[in-house]
């Protein structure tokens, strides 16, 4: 995070270093924010695709209740993407201009965010099937994606 704050100071209009800013190495951050917001919106929207309508006649309540792991996984992942978005938004309120290093880091964060619906579906499925080894593997997979997202925030470039 300290490294990203250095970008903010370096890239802000008042903190431009003469050589980098004059050569055009920094670009406005508005396009990055708009693109990122779009990826976050799509990722959150894709999470809902794992929720299913009842499949058996006369069993609507049973079918809905049987999906409780899908609801929990959806809510947790929705909150997780929401936290990432809020942090991203707060960070970019302090960044006026970006360079290639920050663009690549941002893409790494967006990659881990956009893939989150998949481990969410895996964890939902594993808990609906009720097999302990599958549940453990699904949780480990979800945690690995979360660790990669954290690494994107912490990377130095």
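Miscellaneous remarks
- Likely footprinting exposure, 36, 125, fewest C-beta neighbours within 10 Å first: 125, 36
- The share of Cα pairs per 10 Å bin across region 26-79, counted from zero up to the longest distance, runs 22, 33, 23, 13, 7, 2, 0 percent.
- Cβ crowding within 10 Å ranks 136, 77 as 136, 77, fewest other Cβ atoms first.
- Residues 148, 59 in ascending order of nearby Cβ atoms (within 10 Å, fewest first): 59, 148.
- For region 17-108: rounded, prolate or oblate by the Cα gyration tensor [a/c cutoff 1.5]: prolate
Read-outs throughout are calculated quantities, based only on the coordinates presented, and are distinct from any laboratory measurement. What you see is a predicted model; the values in this text were computed from it and never measured. Backbone-built Cβ (ideal geometry, glycine too); neighbour counts: all protein chains shown.
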